[in-house]
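S.K.: Next up is a structure, given as structure tokens.
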Amino acid sequence: MKYLISLYLLLMSCAVFAEGEEEIAPIWQQGTVIVIQVISILILIFVLYKFLFIPIMESIETRQKQIADAYTEAEDSKKEYEDKKAEFENMIKLADEEVAEKLKQALKDANAIKDRKIEEANLEIKRKTELAENNIMNEKEKALSELKEQTGALGVQIASKILNEELTPQKHESLINNFIKDLDNEA
């Protein structure tokens with residue numbers, strides 16, 4: 001590279017030197033200057049092409065390849081992202097369905113438990129009601145039998161009093177009033 005630049009500068013200085021000597025001659029007679037300048041331009045074009053255009057074109061191609069690779073990688077990443085996104089959305093959908101199913105099952109179980117507890121409570125209430133009715137009936141029968149016993153005893157007492165005394169309307173009324181008082185006192 002240094003040698004080419006040195007050669008170019010040498011040719012250009014020769015052209016300048018030759019130009020200074022041939023200034024007197026007309027332009028068509030200044031052939032050596034034109035030849036030196038054409039050769040200098042050709043050398044310049046060659047040097048520019050070899051050391052400037054080719055490296056620039058190679059770096060441009062390298063950069064274009066890097067950009068294409070980056071674009072391909074970005075497309076692959078985007079596709080991978082879309083796949084992962086679809087997978088996560090599917091997982092979320094499945095999780096939502098599973099939660100809904102478990103919630104539905106929990107509500108169903110809760111309703112079954114509630115219905116069972118209500119049925120058990122109704123059976124317990126019915127059992128206690130029957131027990132209470134049986135107790136009431138037993139107490140009623142007991143009270144009636146006691147009443148019959150007391151009535152029988154009172155009847156016997158009344159009969160014995162009647163037999164011991166002669167029954168007049170005033171005595172009859174007095175006996176009834178005494179009988180009522182005795183009942184009130186016993187109660």
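S.K.: Once Rh for segment 113-153 is found with the Kirkwood sum over Cα pairs, what is the Stokes-Einstein diffusion coefficient at 20 °C and 1.002 mPa s, in µm²/s? Display every interim value, and only then the final one.
M.R.: Details: Rh = 12.3 Å.
The diffusion coefficient I find is 175 µm²/s.
S.K.: Starting at the first residue of segment 46-62, write each ³J(HN,Hα) from the Karplus equation 6.51 cos²θ - 1.76 cosθ + 1.60 with θ = phi - 60°, in whole Hz, x for Gly and Pro.
M.R.: 4, 4, 4, 5, 5, 9, 10, 5, 5, x, 5, 5, 5, 5, 5, 4, 4
S.K.: Using a cut-off of 16 Å between alpha-carbon atoms, which lysines can reach residue 140, once sequence neighbours fewer than 8 places away in the same chain are excluded?
M.R.: 148
S.K.: Using 0.36 nm per residue, how much length does the chain from residue 149 to residue 128 gain when fully extended, once their Cα-Cα distance is taken away? Intermediate results must be reported in sequence, preceding the final value.
M.R.: On the way: separation 21, 0.36 × 21 = 7.56 nm, distance 3.09 nm.
4.5 nm is the gain from fully extending residue 149 to residue 128.
S.K.: Let me ask another. Using +1 on the beta carbon of Lys and Arg, -1 on that of Asp and Glu, and nothing else charged, what's the dipole of segment 80-129 about the Cα centre, debye to 20?
M.R.: On the way: 12 positive and 14 negative charges, 169 e Å.
So the dipole magnitude of segment 80-129 works out to roughly 820 debye.
S.K.: Also, I was wondering about something else. In nanometres, what is the gap between the two model label sites at residue 102 and residue 121, each 7 Å from Cα along Cα-to-Cβ?
M.R.: 2.9
S.K.: Hey, what does the equivalent ellipsoid look like for segment 50-118, semi-axes from the Cα gyration tensor as sqrt of 5 times each eigenvalue, largest first, whole Å?
M.R.: Working: eigenvalues 847, 5, 3 Å².
Equivalent ellipsoid semi-axes, largest first: 65, 5, 4 Å.
S.K.: Length gain on complete extension for the stretch residue 62 to residue 74, per 0.36 nm per residue less the alpha carbon to alpha carbon distance? Spell out each step's value before the answer.
M.R.: Details: separation 12, 0.36 × 12 = 4.32 nm, distance 1.80 nm.
Gain on stretching residue 62 to residue 74: 2.5 nm.
Read the figures in this text as sums done on the coordinates, not as results from a lab. Predicted model only: the values in this text are computed from it and were never measured. Note that each Cβ is placed from the backbone with ideal geometry, even for glycine, and that neighbours are counted across all protein chains shown.
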